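Q: Sharing a structure here in structure tokens format.
The values are calculated or read from the model by the stated rules, or taken from the named source; none is laboratory data. The structure presented is a predicted model; accordingly, all values stated were derived computationally and were not measured. Here the Cβ positions follow ideal geometry from the backbone for every residue, glycine too, while neighbour counts run over all protein chains shown.
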Amino acid sequence: MKIMQVPISWRFLRVWRRNLTVYRRIWHINFLPPILEPLFYLLAFGVGLSALIGPVKYMDQQISYLAFIAPALLGVNAMYNAFFENTYASFVRMYYQKTFDAMMATPLSLHEVITGEIFWGATKSFIATALMLAVVSAFGLVQYPHGFLILFLAFLGGLAFGSLGMFFTGILPSIDMFNLPIFLFITPMFLFSGTFFPLENLPLWAQQAAMAFPLTHLVHLSRSLCLGILSWDLLWSVAYLVLFTMVFFPLALYAMCRRLIH
Amino acid sequence: MSPSLQHIVSAKGLTKSFGTFTAVDHISFRLMKGECLGFLGPNGAGKTSTIRMMYGFSPMTGGTLEVFGLNMATDWRAIRYGIGVCQQENNPDPDLSVLQNLEVFATYFDIPRKAARSKALDLLQFMALDHRKHDPISSLSGGMLRRLILARSLINDPDLLILDEPTTGLDPQSRHQLWERMDALRSRGISIFLTTHYMDEAARLCDRLIIMDHGKILVQGRPDRLIREYAGKDVVEVFNAPGELMELVRTHPLMHDVVGNRLIIYGQERENIFELIGQKFCLERCIQRMATLEDVFLRLTGRELRE
Ligand SMILES: Nc1ncnc2c1ncn2[C@@H]1O[C@H](COP(=O)(O)OP(=O)(O)OP(=O)(O)O)[C@@H](O)[C@H]1O
Ligand SMILES: [Mg+2]
């Protein structure tokens, strides 16, 4: 493995840039889901469910169910965008299109290719969150200026979930197998990260288990920012997302090198 | 110029193993500046494995490899700036247009945007693809695709071009067109490393050939010399050869092979005995022809199917 010593440089931006070029070719299609999806959710949950549910207690505040759920949708959106980009989309580029193989005949290292992919995944989270944030803000559900921090949060969350996705891309033999991590990790996170109901409604052991989910922290941060609550405690959640990224980013690099370099 | 600079590629004891299987087994060779060196060998001989080490994709299991006088193990990045690679499998970027394929690839070599555009347009013209520059990749034929990949491998003005079966799957027109382009490149002084399964292509393009099998080099030399040495000059193929002829080639002795019901006799120079065979035995099912590289290849690597 001598060939791959110290192989990460700013060149990863070239790979990021390639993905941006592709994204811009069909930007109008890429822009629609993050705008329409929250509208559907807000309509279904906000208008439909809110009437049944009434206000929710969150951090000693009474807030509407809509205000409770909208920040969670932002977090989920950030998770999905990066995770799906670095699983299905990256897998297609790696396996079917052989895009990485072609890049490996240029001065790019595989580490740079993968880093570029993960940063691109985070960028997609960022863009999607920005669009969705604009929609949610139009409903008056976001406090500013705190709300702007959600954009950085989306990028950080994107790095975390993108690294996780890339790790699975490195180890799963076929594209159908992504069902497995989605079924085992992504769906439970989607449901049990304090997204649709407060964590306190869960039994204690489940609450503790949920603290291991990166989405729990992403949603907690997003919700606090939307409600305009800033406290030092939030740094623990930021630290957890950073730590999660610092574990899965190298793991993703390692898995991809093992997979592609023979 | 120092001798090491005149060797564009210098491989010593180059080895590649996958687990216990050795795909490339201690091969040593050199590629001189301006030369076209061809690698021939049956499927699985280790050609692509060698190439993948030559552009720093596969880590070497053993040996040393220098390209442009730089050590591949440490200076792979600097080396890659100077080489163009046409991989065995076509891998265009299907998410981008024809022109964008070249422009985006140019950015991987730090080529500024403007220079990349003009270089890309030049190359598309050179490869007769300029009329398709805004088309999607999916609309290209196999030959166009191969030309695009070749154009892409030239985007950084490489000193060394590595081509893994550049013309496989192309029609004769496209092959000849590609050969002409390669002639043009060579007249500009580019060095070429090439693999192919087409013996006529190897004989036509390469100054020197290496025939390998099972990861080892069998022979190397100029195409005409290899033919002369391993297949002679003229060949007679006789079907269902009579015992008398079999006896003759054995006792004389003449270089020959028996393949099924076919007797293939290789004649070195215009020998009398050869004329005699032609007159006496070459009656019904019989072919008289010149010796070719294909004879050399088959004689050296055997006639059994691989894999
Ligand atoms: N990643 C790998 N893992 C295990 N074995 C491999 C790997 N890559 C190649 N091989 C084996 O190494 C041998 C040489 O393969 P290589 O691709 O170099 O052959 P080749 O000469 O290019 O053949 P072809 O003419 O079919 O392209 C083959 O037996 C192949 O199965
Ligand atoms: Mg090959």
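Q: Could you identify the single residue in A:Ala130, A:Ala82, A:Ala78, A:Ala102 that is free of Cβ contacts under 8 Å to residues at least 12 places away in the same chain and either farther than 24 Å from A:Ser237 by Cα or in a helix (DSSP H, G or I) (or both)? Give the derivation first.
A: Details: A:Ala130 fails: free of Cβ contacts under 8 Å to residues at least 12 places away in the same chain; A:Ala82 fails: free of Cβ contacts under 8 Å to residues at least 12 places away in the same chain; A:Ala78 fails: free of Cβ contacts under 8 Å to residues at least 12 places away in the same chain.
From the options A:Ala130, A:Ala82, A:Ala78, A:Ala102, the qualifying one is A:Ala102.
Q: Taking the criterion of being within 14 Å of another protein chain (Cβ to nearest Cβ), crowded, with 23+ Cβ neighbours inside 10 Å and at pLDDT 95 or above, would at least one residue in segment A:68-85 satisfy it?
A: Yes, segment A:68-85 has at least one match.
Q: So which residues in segment B:68-114 are more than 7 Å from chain A (Cβ to nearest Cβ) and acidic (Asp, Glu), if there are any at all?
A: Listed by number, the residues that qualify are B:Asp75, B:Glu103, B:Asp110.
Q: Mind checking whether some residue in segment A:49-66 is outside any loop (DSSP other than H, G, I, E, B), in contact with a Gly (Cβ under 8 Å, 6 or more places away or on another chain) and at pLDDT 80 or above?
A: Here is the first cut: in segment A:49-66, the ones outside any loop (DSSP other than H, G, I, E, B) are A:49-53, A:56-58, A:61-63, A:65-66.
When the remaining residues are screened for being in contact with a Gly (Cβ under 8 Å, 6 or more places away or on another chain), the result is A:65-66.
Now restrict to residues that are at pLDDT 80 or above: A:65-66.
Yes: segment A:49-66 contains one or more residues that are outside any loop (DSSP other than H, G, I, E, B), in contact with a Gly (Cβ under 8 Å, 6 or more places away or on another chain) and at pLDDT 80 or above.
Q: Oh, and also: Please tell me if B:Thr48 is polar (S, T, N, Q), near ligand 1 (Cβ under 10 Å from one of its atoms) and either in the same structural domain as B:Leu194 (by TED's automatic domain parsing) or at pLDDT below 95 (or both).
A: yes
Q: Still on this model: Against the definition (within 16 Å of ligand 2 (Cβ to nearest atom) and either assigned to a strand (DSSP E or B) or surrounded by fewer than 17 Cβ atoms within 10 Å (Cβ to Cβ) (or both)), how does B:Lys12 come out, yes or no?
A: Numbers: within 16 Å of ligand 2 (Cβ to nearest atom): no; either assigned to a strand (DSSP E or B) or surrounded by fewer than 17 Cβ atoms within 10 Å (Cβ to Cβ) (or both): yes.
So B:Lys12 fails the test.
Q: Please specify each residue of segment B:211-260 satisfying the condition of being surrounded by 17 or more Cβ atoms within 10 Å (Cβ to Cβ) and assigned to a loop (DSSP other than H, G, I, E, B).
A: B:Gly215, B:Gly232, B:Ala241, B:Leu254
Q: Just the residues that are more than 11 Å from ligand 2 (Cβ to nearest atom) and within 13 Å of the chain's Cα centre (by Cα), please, taken from segment B:32-51.
A: Listed by number, the residues that qualify are B:Glu35, B:Cys36, B:Leu37, B:Gly38, B:Leu40.
Q: Suppose we filter B:Leu276, B:Leu283, B:Leu263, B:Leu305 for residues that are part of a strand (DSSP E or B) and aliphatic (A, V, I, L, M); which single one remains?
A: Unique residue meeting the criteria: B:Leu263.
Q: Out of B:Arg146, B:Arg204, report the one residue that is at pLDDT below 95 and more than 22 Å from B:Gly221 (Cβ to Cβ). Steps first, answer last, please.
A: Working: B:Arg204 fails: more than 22 Å from B:Gly221 (Cβ to Cβ).
Going through B:Arg146, B:Arg204 in turn, the sole match is B:Arg146.
Q: Can you tell me which of (1) closer than 16 Å to B:Phe39 by Cα; (2) at pLDDT below 95; (3) out of contact with any Ser or Thr (no Cβ under 8 Å at 6 or more places or on another chain); (4) within 16 Å of ligand 1 (Cβ to nearest atom) is the one B:Thr167 doesn't meet?
A: (3)
Q: Residue check, B:Leu99 against (1) touching a helix residue (DSSP H, G or I) at 6+ places or on another chain (Cβ under 9 Å); (2) within 20 Å of A:Phe12 (Cβ to Cβ), all met but one. Which one?
A: (2)
Q: Give B:Leu170, B:Leu150 a once-over and let me know the one that is outside any helix (DSSP H, G or I), aliphatic (A, V, I, L, M) and farther than 24 Å from B:Ser10 by Cβ.
A: None of the others qualify; the one that does is B:Leu170.
Every residue, every condition in (1) free of Cβ contacts under 8 Å to residues at least 12 places away in the same chain; (2) away from ligand 1 (no atom under 12 Å from the Cβ); (3) in a strand (DSSP E or B); (4) β-branched (Val, Ile, Thr), yes or no:
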| site | (1), (2), (3), (4) |
| --- | --- |
| B:Ser17 | no, no, yes, no |
| B:Thr22 | no, no, yes, yes |
| B:Arg30 | no, yes, yes, no |
| B:Gly34 | no, yes, no, no |
| B:Gly38 | no, yes, yes, no |
| B:Leu65 | no, yes, yes, no |
| B:Thr74 | yes, yes, no, yes |
| B:Asn90 | no, yes, no, no |
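Q: Another question, if that's okay. Could you please give the count of residues in segment B:52-62 that are in contact (Cβ under 8 Å) with a residue 60 or more places away in the chain and within 13 Å of ligand 2 (Cβ to nearest atom)?
A: Total meeting the criteria: 1.
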